[in-house]
1. Filter the range 244-285 down to the residues that are within 22 Å of residue 306 (Cβ to Cβ), part of a strand (DSSP E or B) and out of contact with any Lys or Arg (no Cβ under 7 Å at 6 or more places or on another chain) and list them by number.
2. Kindly check whether there is at least one residue in the range 198-210 that is crowded, with 23+ Cβ neighbours inside 10 Å, modelled with pLDDT of 95 or more, touching a Ser or Thr at 6+ places or on another chain (Cβ under 8 Å) and within 24 Å of residue 96 (Cα to Cα).
3. How many of the residues making up the range 317-369 are farther than 16 Å from residue 205 by Cα and of a type in the set (D, E, K, R)?
4. In the list 182, 237, 197, which residue meets the criterion of being touching a residue at least 60 places away in the same chain (Cβ under 8 Å) and more than 29 Å from residue 78 (Cβ to Cβ)?
5. State all residues of the range 179-211 that are part of a loop (DSSP other than H, G, I, E, B) and of a type in the set (Gly, Ala, Ser); if no residue qualifies, say none.
6. Condition first: farther than 18 Å from residue 111 by Cβ, out of contact with any helix residue (DSSP H, G or I) (no Cβ under 6 Å at 6 or more places or on another chain) and of a type in the set (Gly, Ala, Ser). Now tell me which residues in the range 316-354 satisfy that.
7. Of the conditions (1) in contact with a Pro (Cβ under 6 Å, 6 or more places away or on another chain); (2) among the β-branched types (Val, Ile, Thr); (3) under 20 Å from residue 353 (Cα atoms), residue 262 satisfies every one except a single condition; which number is it?
8. Among the candidates 230, 239, single out the residue that is out of contact with any strand residue (DSSP E or B) (no Cβ under 6 Å at 6 or more places or on another chain) and under 18 Å from residue 182 (Cα atoms).
Amino acid sequence: MNRRWTFVLAAAGLWSAAVAAERAAGWRIEPFVRPSGMNPVIAPNKQSVVRNTMDGKPVHWEALHTFNPAAVVRNGSVYVLYRAEDDSGVMGIGLHTSRLGLAESGDGIHFTRRPEPVLYPNNDSEKEREWPGGCEDPRIVESPDGTYVLTYTQWNRKKTDAAIATSKDLVHWTKHGPALGVEGKYAALSYKSAGMVTRVQGGRLKAARIGGKYWMYWGEGAIRLATSDDLIHWKPVEDARGEPVVVLAKRDGRFDSSFPETGPPPVLTARGIVVLYNGKNAENGGDPALGANAYAAGEALFAADAPAKLIARTDGPVFQPELAFEKTGQYAAGTTFAEGLVWFRNQWFMYYGCADSMVGVAIAGGPEK
């Protein structure tokens, strides 16, 4: 910064604001570009059949929709965990059973899928929270010891819970139940969408501590915060009244005018914590450039040492429905729902759900933030 302006701003009492603005400049991860002719990267497969663990009957577990993916880098490849809906139930959003499939790619674009799901409703401790709706909408981080920690939505068609599962190999998972616990004042809360803060370490994203704790942005309708010592048990950050602090809320006239919802795991950078999130456009009084009820992705920046302190926020979306399969399908209003983000081959790969029906990828150049 020019010394003359440093003096003037300091004299005017604006030094801290000016420094913060300068340091925050260029904080966004963008532009995200779709690789030409490569999307969607994962689509439904009507031939995949497994035995339903709940009743023993065969089920086409990824026949109708494959969408809302988590992503992580492992052994030089990208792994995507995606939500797959079977052809049971009636035709309606949330009325089929969801399971999580696993796909692997050496280039981040061309995927090979496992024939069977890796996380699904079962006769286990989580049955009452996961049946018959299933396991939905994952986000994933790698812990410092190499354990993979997954947040996903438990849906029993009565309420939702953001739950935790852990794995050493991405195939075999241990379920730990709701992130906010099964007792206390948050036990009855219906909540979902949780992304734990990460940073680039060793060439890939790993869970990051801030002030000695792990942090998680969570929620749909409004985005809130929680902290943890172990990435499994989480405690909401509360205000003086004992209510969970809201760090991101809806805005009239914007793409998030109906509400914001947590996207992929946020990234701690030199400029702050970059939170990619999904905004739903309101039917009335929203962004006129988007259709009513459409979902698009935006970004927000929070202070690196104060995860509740909002520094900057995009006025418009950084990624929105444009292609035909992003505007048609199960969610015809249009959706580019960001849930997976990896640092891979010196680029950012974002994986997103297309109209609640398929998985897409978009890439943003480096350098790493």
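The values are calculated or read from the model by the stated rules, or taken from the named source; none is laboratory data. Keep in mind the model is a prediction, meaning the values are calculated, not measured. Using ideal geometry, Cβ is built from the backbone for each residue, glycine included, and neighbour counts are taken over all protein chains shown.
1. Hits for the range 244-285 are 248, 262, 272, 273, 275, 276, 277.
2. no
3. 4
4. Among 182, 237, 197, only 237 is touching a residue at least 60 places away in the same chain (Cβ under 8 Å) and more than 29 Å from residue 78 (Cβ to Cβ).
5. Of everything in the range 179-211, those that are part of a loop (DSSP other than H, G, I, E, B) and of a type in the set (Gly, Ala, Ser) turn out to be 179, 181, 184, 187, 188, 190, 193, 202, 203, 208, 211.
6. Residues satisfying the conditions are 316, 324, 329, 332, 333.
7. (1)
8. Of 230, 239, the one residue that is out of contact with any strand residue (DSSP E or B) (no Cβ under 6 Å at 6 or more places or on another chain) and under 18 Å from residue 182 (Cα atoms) is 230.
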